[in-house]
Every structure is written in structure tokens, then in C-alpha cells.
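The values are calculated or read from the model by the stated rules, or taken from the named source; none is laboratory data. Keep in mind that what you see is a predicted model, and the values were worked out from it rather than measured. Here the Cβ positions follow ideal geometry from the backbone for every residue, glycine too, while neighbour counts run over all protein chains shown. When the accessible area is computed, the model is the full protein with side chains, heavy atoms only, and any ligands, DNA or RNA have been set aside. Shrake-Rupley method; radii C 1.70, N 1.55, O 1.52, S 1.80 Å.
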Amino acid sequence: MSQLSYVSHTGGTAWDTYISQVDRVIPYLGHLARWSETLKRPKRALIVDVPIELDNGEVAHFEGYRVQHNLSRGPGKGGVRYHPDVTLEEVMALSAWMTVKCAAVNLPYGGAKGGIRVDPKKLSLKELERMTRRYTSEIGIIIGPQRDIPAPDVNTNGQIMAWMMDTYSMNTGTTATGVVTGKPLHLGGSLGRVKATGRGVFVTGREAARRLGLSLEGVRIAVQGMGNVGGAAAELFVQAGAKLVAVQDHTGTLVNPNGFDIADTMTVLHRDGGIGNYTGAERIDNEAFWDVDCDILIPAALESQITAARANRIKAKLVLEGANGPTLPDADDVLHDRGVLVVPDVICNAGGVTVSYFEWVQDFSSFFWSEDEINLRLDKIMVDALKKIWDTADRHKISLRTATFAVACERILTAREERGLYP
Ligand code: NAD
């Protein structure tokens with residue numbers, strides 16, 4: 001099949017990682033393999049110019065994207081990322097992982113993702129609002145509660161979702177709460193959504209640890225990225241008896257073999273937006289993070305962090321991929337050969353989209369659930385999904401990643417085949 005003309009062919013991008021993951025699953029797809037090329041190209045990719053007036057009167061232009069990778073099983077679903085390194089190819093990969101993730105937990109969604117290449121920390125709040133509103137208007141031609149539902153990702157949050165919901169609602173003359181998820185509670189947001197991804201990381205980690213015979217009491221965890229995902233996961237692990245022994249974020253790397261004080265850690269994070277000024281741990285070189293003695297490693301920052309060289313140094317027995325695409329394919333092989341169990345992103349961090357789905361369902365029915373009910377339902381969906389994936393891995397003697405792709409891609413391509421090609 002022909003390659004996509006608009007992707008770089010130099011290798012090493014998140015899209016390359018995704019394609020190699022698809023190639024690994026094709027032998028397990030049986031007769032559905034004839035549809036596998038569907039997985040290797042996005043259905044639709046929109047590039048938009050986002051001009052805004054800065055506070056000083058100048059006009060700045062940002063490049064934005066919304067990619068709908070696959071809509072066979074339902075409307076598109078996936079976050080919006082604001083980051084200076086965002087590219088079309090990265091958004092394509094993230095949208096494709098959303099397709100796989102939604103199918104892995106059997107949500108009635110396809111996969112999508114969006115982003116703007118911008119350093120949002122350099123914008124004032126008003127500039128951030130203007131950029132978000134203009135971006136929402138530009139992608140308004142393809143999003144909607146039944147078409148494609150954005151959510152928060154790196155550097156986006158409930159406030160940004162509120163502006164997106166308002167802009168879309170104003171443009172369409174509706175109050176479209178279901179157009180985005182991860183909204184504030186007053187606007188149809190769901191209890192439990194903010195910490196849902198971290199909770200899902202914890203639930204899959206708890207199940208994997210049980211299978212490895214690893215008690216959570218005293219287990220040592222190292223976390224890269226203490227944001228929405230890593231911070232919530234770390235808190236839940238510590239509540240369950242684990243010791244947080246190392247943290248890395250954009251402000252540096254800190255270690256304490258006796259364990260961080262989680263309450264103090266969270267206070268510093270909320271105050272400074274980074275871990276750098278936490279005084280209860282020793283600062284080490286960033287690269288030394290990968291040598292830290294720990295039992296569970298949670299990459300929860302950005303993609304392509306675990307290279308083959310780093311994989312050789314990792315001491316953990318279990319890697320929980322809170323981030324999307326943190327492990328390169330050759331590093332995956334190294335970890336597998338070394339007997340390190342990897343719970344892949346496409347199931348490990350699916351807790352966020354699962355509670356996003358709950359939010360969307362609640363918005364449509366205008367009837368809201370208690371936090372306990374949400375957490376219980378989330379736990380059950382994650383445990384059931386992981387069990388099916390684990391059974392598939394055992395049956396074919398394949399990694400959890402390839403097994404997750406096998407379960408998910410069978411669902412996606414069955415829907416594709418049943419719908420048929422039109423026109
Ligand atoms: P966030 O913006 O809340 O936090 C990102 C964290 O990464 C911060 O602690 C930041 O300091 C750290 N970081 C940034 N650059 C770094 C670097 N170069 N080295 C080390 N640390 C760095 O983002 P988030 O929502 O927690 O998302 C983190 C990852 O989880 C992303 O890969 C995202 O796609 C994925 N994810 C997020 C959700 C969600 O619901 N938020 C759901 C699924 C997957």
C-alpha cells in the first residue's frame with residue numbers, strides 16, 4: 001500500500017511507533033487483516049490557522065490541528081494539546097491511539113485528537129481564551145456532540161473546555177454541553193473526571209501487581225510527569241501503601257528512597273506548577289531518573305521517553321504507561337526480553353476517556369451520578385477490559401500491548417466490515 005505523502009519517512013516519530021504497533025498485530029487479525037490499511041491512515045485531518053490579537057496589539061498566528069483517525073465505532077473522541085512541539089504527525093498518532101483505546105475498553109467511540117503548536121505559558125489568560133475560542137470556531141466544522149468530542153490533554157483543562165463549549169454553543173445557537181468532556185461541574189462536567197486517568201493507571205497497576213505477586217504495601221514507585229495523570233496516580237498508590245521514591249517533571253528530577261511526603265508534594269505542585277522547589281528530596285541529574293531503584297515506573301509526561309538504552313537501565317518490574325506512547329518499539333522489545341511487564345497506554349490510561357464517556361452519557365440524559373458510582377463503574381470497566389486483554393496475551397503468548405491492539409483492532413475492523421464501504 002502507498003505511504004502517506006504528508007508524513008516524514010525518517011523514522012522515530014510517534015506515528016512511526018503507532019504504525020509498528022499495528023504491523024505487530026496484523027498476524028492476529030485473521031480475515032480482518034484485509035482491512036488493516038484502514039488503521040494506518042487517518043480518516044480526516046484538518047489543519048487550521050489560529051490568528052489572535054495579543055494584549056500588546058500585535059497579531060500572532062498559531063497552527064492548529066484536529067485529526068479524526070477512525071469513526072467506524074462512533075463519534076471521534078480525544079483531547080486537545082497545547083505544546084510547542086505539537087505537529088500534525090504527533091496529533092495523528094495520538095488520534096490513532098484514541099481509536100485503539102476506546103475500542104480496548106469497548107466505548108462506542110472512534111478516535112480523534114487535536115492540538116495547537118504553542119507555548120501556552122507565554123500567553124496571558126485573555127490571549128489563551130482568544131486562541132481557544134478561535135481554534136474552536138475553526139474546527140467547529142467537524143466537531144459536535146454526535147461527531148467528535150474533544151477533551152483536555154497536556155496543558156489544557158476544565159476552563160479551556162468551558163470556553164470550547166461556550167464557543168461551539170454560541171456558533172450553533174444551542175447549549176451543547178455534550179460537545180466536550182472534562183468540563184467544570186456547573187457546565188455538565190462529571191464528578192471523578194479530573195482524576196479518572198490517574199485512577200485508571202492505579203486500577204490497572206493494582207491488577208498487574210496482583211498478578212506479579214507484588215504487594216502495594218511498601219512498593220516503590222517512580223513517576224515521570226506529576227500532572228493530571230501522574231499526580232493523581234501517585235496519590236492513589238501512596239494511599240494504598242506505596243512509597244513514591246522518585247519524581248521527574250519539567251522542573252527537574254528528585255529522589256528520596258524513604259518516600260516523598262505526598263501532601264507536601266501536592267502542595268508544592270499546586271503552588272508552583274512543578275516539583276522543583278520540594279525540599280524533602282534530593283535533586284539528581286535528569287538522565288539518572290532511569291537508573292532509580294524502584295518496583296513500578298510510571299511514565300506520565302510525553303511520548304518517546306523510554307528508548308532502548310534507557311530500557312536497559314530501568315530497575316522496575318512493572319511499567320505503567322500513564323502517558324501516550326512513552327515507549328519506543330525497540331525499547332518495548334528490550335523490556336520484554338528483560339522480563340519487565342509493560343501495561344500499555346492504550347489500556348493503562350483509558351480511565352480518562354471512560355469517565356469522559358460517562359460525562360457525555362450524563363449530559364445527554366441530564367441526570368448526574370455520584371462520585372462513588374462513577375469510580376465503581378470505572379473500576380469494573382478497567383478490570384474487565386484488562387482481564388480480556390490478559391487472556392488474549394496468554395492465549396497467543398504475546399505482550400499486553402499487542403494483545404490490547406488485537407482485542408481493539410478486531411472490534412474496530414469488524415465494525416468497518418459490517419458497515420461496508422460507501423459510496
Ligand atoms: P499535564 O500537563 O497535566 O502534566 C504533564 C506533566 O509532564 C507535568 O508534570 C510536566 O511537568 C511534565 N513534563 C512536561 N515536559 C516534561 C519533560 N520534558 N520531562 C519530564 N516531565 C515533563 O498533562 P497530563 O494531562 O497529565 O498528560 C500527561 C500524559 O498523559 C500525556 O502523554 C497525555 O497525552 C496522557 N494522557 C492524559 C490524559 C488526561 O486525561 N489528561 C488521558 C490519557 C492520556
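Residues in region 202-243 that are assigned to a helix (DSSP H, G or I) and touching a His at 6+ places or on another chain (Cβ under 9 Å): how many? Final tally of qualifying residues: 0.
Of everything in region 367-381 that is touching a residue at least 12 places away in the same chain (Cβ under 8 Å) and either away from the ligand (no atom under 16 Å from the Cβ) or touching a His at 6+ places or on another chain (Cβ under 7 Å) (or both), the residue that is farthest from residue 294 (Cα to Cα) is 368.
Scan region 116-170 for residues that are in a helix (DSSP H, G or I) and within 17 Å of residue 45 (Cβ to Cβ) and jot them down.
So the first thing to find is which residues in region 116-170 are in a helix (DSSP H, G or I), and the list is 120-122, 125-139, 158-170.
135, 138, 139, listed by residue number.
Check whether at least one residue in region 60-77 is buried (at least 22 other Cβ atoms within 10 Å of the Cβ), aliphatic (A, V, I, L, M), within 22 Å of residue 403 (Cα to Cα) and modelled with pLDDT of 95 or more, and report yes or no. No, region 60-77 contains no residue that is buried (at least 22 other Cβ atoms within 10 Å of the Cβ), aliphatic (A, V, I, L, M), within 22 Å of residue 403 (Cα to Cα) and modelled with pLDDT of 95 or more.
Beta carbons closer than 8 Å, at least 6 apart along the sequence or on distinct chains, pair a first residue in region 135-148 that is polar (S, T, N, Q) with a second that is surrounded by 17 or more Cβ atoms within 10 Å (Cβ to Cβ) for 136/143; 136/163; 136/164; 136/167; 136/168; 137/167; 146/75. Of the numbered conditions (1) more than 15 Å from the ligand (Cβ to nearest atom); (2) open to solvent by 10 Å² or more (accessible area, probe 1.4 Å); (3) in contact (Cβ under 8 Å) with a residue 40 or more places away in the chain, residue 208 satisfies every one except a single condition; which is it? Unmet condition: (2). Residue check: residue 171 meets all listed conditions (1) within 16 Å of the ligand (Cβ to nearest atom); (2) open to solvent by 10 Å² or more (accessible area, probe 1.4 Å) but one, namely (1).
Would region 129-150 turn up any residue that is within 13 Å of the ligand (Cβ to nearest atom), in contact with a strand residue (DSSP E or B) (Cβ under 6 Å, 6 or more places away or on another chain) and assigned by TED's automatic domain parsing to the domain that holds residue 62? Yes, because at least one residue in region 129-150 is within 13 Å of the ligand (Cβ to nearest atom), in contact with a strand residue (DSSP E or B) (Cβ under 6 Å, 6 or more places away or on another chain) and assigned by TED's automatic domain parsing to the domain that holds residue 62. Taking every residue in region 81-103 that is on the phi > 0 side of the Ramachandran plot and open to solvent by 10 Å² or more (accessible area, probe 1.4 Å) and pairing it with any residue that is β-branched (Val, Ile, Thr) and in a helix (DSSP H, G or I), at least 6 positions away or on another chain, yields no pair with a Cβ-Cβ distance below 7 Å. Of the candidates 154, 180, the single residue that is within 16 Å of the ligand (Cβ to nearest atom), modelled with pLDDT under 95 and either buried (at least 24 other Cβ atoms within 10 Å of the Cβ) or among the β-branched types (Val, Ile, Thr) (or both) is 154.
For the condition of a type outside the set (Phe, Trp, Tyr), within 12 Å of the ligand (Cβ to nearest atom), open to solvent by 20 Å² or more (accessible area, probe 1.4 Å) and farther than 26 Å from residue 16 by Cα, what is the one hit in 256, 228?
Selected residue: 228, the only one of 256, 228 that is of a type outside the set (Phe, Trp, Tyr), within 12 Å of the ligand (Cβ to nearest atom), open to solvent by 20 Å² or more (accessible area, probe 1.4 Å) and farther than 26 Å from residue 16 by Cα.
For region 195-218, residues that are out of contact with any Leu (no Cβ under 8 Å at 6 or more places or on another chain) and of a type in the set (S, T, N, Q) total 2. Residues in region 284-308 that are closer than 22 Å to residue 333 by Cα, aliphatic (A, V, I, L, M) and within 15 Å of the ligand (Cβ to nearest atom): 288, 292, 297, 298, 300, 301, 302, 306.
Filter region 259-283 down to the residues that are in a loop (DSSP other than H, G, I, E, B), surrounded by fewer than 18 Cβ atoms within 10 Å (Cβ to Cβ) and within 15 Å of the ligand (Cβ to nearest atom) and list them by number. I'd like the intermediate steps shown before the answer.
Step one: list which residues in region 259-283 are in a loop (DSSP other than H, G, I, E, B), which gives 259-261, 273-281.
From what's left, surrounded by fewer than 18 Cβ atoms within 10 Å (Cβ to Cβ): 259, 261, 273-274, 276-277, 279-280.
Correct list: 273, 274, 276, 277.
For region 96-115, the criterion of being assigned to a helix (DSSP H, G or I), farther than 20 Å from residue 385 by Cβ and aliphatic (A, V, I, L, M) is met by no residue.
Condition test on residue 360, is it at pLDDT 95 or above, under 21 Å from residue 183 (Cβ atoms) and within 15 Å of the ligand (Cβ to nearest atom)? Before the answer, list the steps.
Values: at pLDDT 95 or above: yes; under 21 Å from residue 183 (Cβ atoms): yes; within 15 Å of the ligand (Cβ to nearest atom): yes.
In short, yes.
In the condition set (1) away from the ligand (no atom under 15 Å from the Cβ); (2) under 25 Å from residue 50 (Cβ atoms); (3) open to solvent by 30 Å² or more (accessible area, probe 1.4 Å); (4) not hydroxyl-bearing (Ser, Thr, Tyr), residue 165 is compliant with all but (3).
The set of residues in region 31-67 being in contact with a Ser or Thr (Cβ under 7 Å, 6 or more places away or on another chain), assigned by TED's automatic domain parsing to the domain that holds residue 130 and either among the hydroxyl-bearing types (Ser, Thr, Tyr) or not in a loop (DSSP other than H, G, I, E, B) (or both) consists of 67 alone. Pairs meeting the criteria (first residue in region 316-343 and under 15 Å from residue 14 (Cβ atoms), second residue more than 16 Å from the ligand (Cβ to nearest atom) and open to solvent by 20 Å² or more (accessible area, probe 1.4 Å), beta carbons under 6 Å, at least 6 apart or on different chains) are 329/20; 330/308; 331/308. Taking the conditions exactly as written (within 16 Å of the ligand (Cβ to nearest atom), within 17 Å of the chain's Cα centre (by Cα) and not polar (S, T, N, Q)), does residue 200 satisfy them or not? So residue 200 passes the test.
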